[in-house]
Amino acid sequence: MDERVLPNEPILDREDDAADDLVRALREEVRALGLWAPHVPPEAGGTGTGFLDYAYLNEHIGRSLWGQLVFGCQAPDAGNAEILHLFGTDEQKGRWLQPLVAGEIRSFFSMTEPEVPGSDPTTLRTRAVRDGDDWVIDGHKWFSSGAEGAAFGIVMAVTDPDAPPHGRATQIIVPADTPGVDVVRPVAVLGHAGRGWTTHCEVRYTNVRVPVTNTLGEVGSGFRIAQKRLGPGRIHHVMRWLGQMQRAFGLMCSYALEREAFGGPLAEKQTVQNWIADSYAQIHACRLMTLDAAHKIDAGDEARVEISVIKFYAAQALQDVIDRAVQVHGARGLTDETPLGHMLMTARAGRIYDGPDEVHRMVVARRVLKTFAEGDGWEFS
Ligand SMILES: Cc1cc2nc3c(=O)[nH]c(=O)nc-3n(C[C@H](O)[C@H](O)[C@H](O)COP(=O)(O)OP(=O)(O)OC[C@H]3O[C@@H](n4cnc5c(N)ncnc54)[C@H](O)[C@@H]3O)c2cc1C
């Protein structure tokens, strides 16, 4: 990361053909180091050695926004690979999982729709109707990250509207070249439309016909599989965010020592010292809470409260720490002379994707209150 990825960020940030070539070259180096695709075990084509090891690795990979792509464990492909590994048939694994993990193709996860609240996906409207041995899919999605140039998507569609809310939807593998799949446009996010992997696309599905053998897991298990994907995935996000926070923290401290104003270094101003101390506290708290949740998951616990706590707490901490680092850098913090501007832009989305802050707070409060309503109360452990 220090020698090959961070110094190459200005080239990678250009997102042009030269950047793509560089990604390919860096990926070869990662393969040669035996670190390729650390999110899945060797039997699925990766080099993973377990959930916790990968969590720790993400803290380093996450220091650069390009790290995950270079190490072959980029979202949403990593999550798609994990669920294909867990729930895919042998045929699905051969056709989609193997080339995905090998880095030969990319994928997208198509759940959120513009017309209904993504926070409450029981309201999804995209329908898949069984017709003989096929599913026929009709719907409208957006924020399908990475859909531009991807080989396939995993589409969350309602297959049984009359089932209980969490049994209505199914995840279906849809090759991107199926007639009726229209990747309409990359939706610009904070002014950035992206290219390929960095896009967040609007996608229309019109009379899209795929065989029922493309069903991932059982019919009606869409939410269960989504939960399987999102829980550990959030730990991995937060570990990457910790990498971002520590990098911003380092830049803030170094610059505060170097830059002088009003007769002395910024590091001697109490406001700046407060920012450093507050950032330290937030980073350390996030790190310990995340590792605690990771250990609980590794021991077989679902850790729903712990995961929701770190999701909203760390997303805010990420934004706070990077924002303070930007402020210490003055105008330079907003330029491309440092990675902070790009980091800040990307960090803002963390408070929305994979569940907005408010929904995670709701999950935490409801679960904690339930223990009090039942007379036990919440035990911190
Ligand atoms: C960068 C980025 C990448 C993404 N990638 C993907 C992807 O690859 N695939 C995919 O399917 N989706 C993706 N998403 C979509 C993301 O998952 C949704 O944006 C998210 O679930 C929120 O849904 P929504 O945008 O429809 O907001 P809504 O559900 O409409 O919510 C709007 C706001 O309402 C508030 N709110 C909601 N519920 C409550 C509540 N109970 N209490 C109080 N306030 C509440 C929150 O402040 C929330 O931000 C991505 C989003 C972003 C920003």
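The values are calculated or read from the model by the stated rules, or taken from the named source; none is laboratory data. Predicted model, so just to flag it, every value in this text is computed and none were measured. Cβ sites come from the backbone with ideal geometry, for glycine too, and all protein chains shown count toward neighbours.
Overview of results
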item	result
Filter result for Arg24 (of a type in the set (Lys, Arg) and over 17 Å from Ile235 (Cα atoms))	yes
Exclusive hit being under 22 Å from Gly231 (Cα atoms), surrounded by 20 or more Cβ atoms within 10 Å (Cβ to Cβ) and touching a Cys at 6+ places or on another chain (Cβ under 8 Å), set Ala55, Ala37, Ala44	Ala37
First in the range 132-151 and touching a residue at least 40 places away in the same chain (Cβ under 8 Å) and near the ligand (Cβ under 8 Å from one of its atoms), second anywhere and in a loop (DSSP other than H, G, I, E, B) and among the aromatic types (Phe, Trp, Tyr), Cβ under 9 Å, 6 or more apart	Phe143/Tyr353; Ser145/Tyr353
Of residues in the range 98-130 being more than 9 Å from the ligand (Cβ to nearest atom) and under 15 Å from the mean Cα position of the chain (by Cα), the one surrounded by the fewest Cβ atoms within 10 Å (Cβ to Cβ)	Arg106
Those residues of the range 152-173 which are closer than 19 Å to Glu104 by Cα and touching a residue at least 60 places away in the same chain (Cβ under 8 Å), in sequence order	Ile154, Ile173
Breaking point among (1) in contact (Cβ under 8 Å) with a residue 40 or more places away in the chain; (2) within 16 Å of the ligand (Cβ to nearest atom), for Thr338	(2)
All positions within the range 41-86 that are within 16 Å of the ligand (Cβ to nearest atom), outside any loop (DSSP other than H, G, I, E, B) and touching a residue at least 60 places away in the same chain (Cβ under 8 Å)	Gln68, Leu69, Asp77, Ala78, Gly79, Asn80, Glu82, Ile83, Leu84
Count - residues of the range 287-310 that are touching a Lys or Arg at 6+ places or on another chain (Cβ under 9 Å), modelled with pLDDT under 95 and of a type in the set (Asp, Glu)	1
Index of the failed condition, Arg95 passing every other in (1) within 12 Å of the ligand (Cβ to nearest atom); (2) among the basic types (Lys, Arg); (3) outside any strand (DSSP E or B)	(1)
Residues satisfying the stated conditions in the range 211-227, i.e. in a helix (DSSP H, G or I) and closer than 19 Å to Trp96 by Cα	Val212, Thr213, Asn214, Gly222, Ile225, Ala226
First in the range 308-335 and surrounded by fewer than 24 Cβ atoms within 10 Å (Cβ to Cβ) and of a type in the set (Lys, Arg), second anywhere and at pLDDT 95 or above and not in a helix (DSSP H, G or I), Cβ under 7 Å, 6 or more apart	Arg332/Thr338
Any helices (runs of 4 or more DSSP H) falling wholly within the range 290-381 and containing at least 2 residues that are more than 23 Å from Asp13 (Cα to Cα)	304-328, 357-373
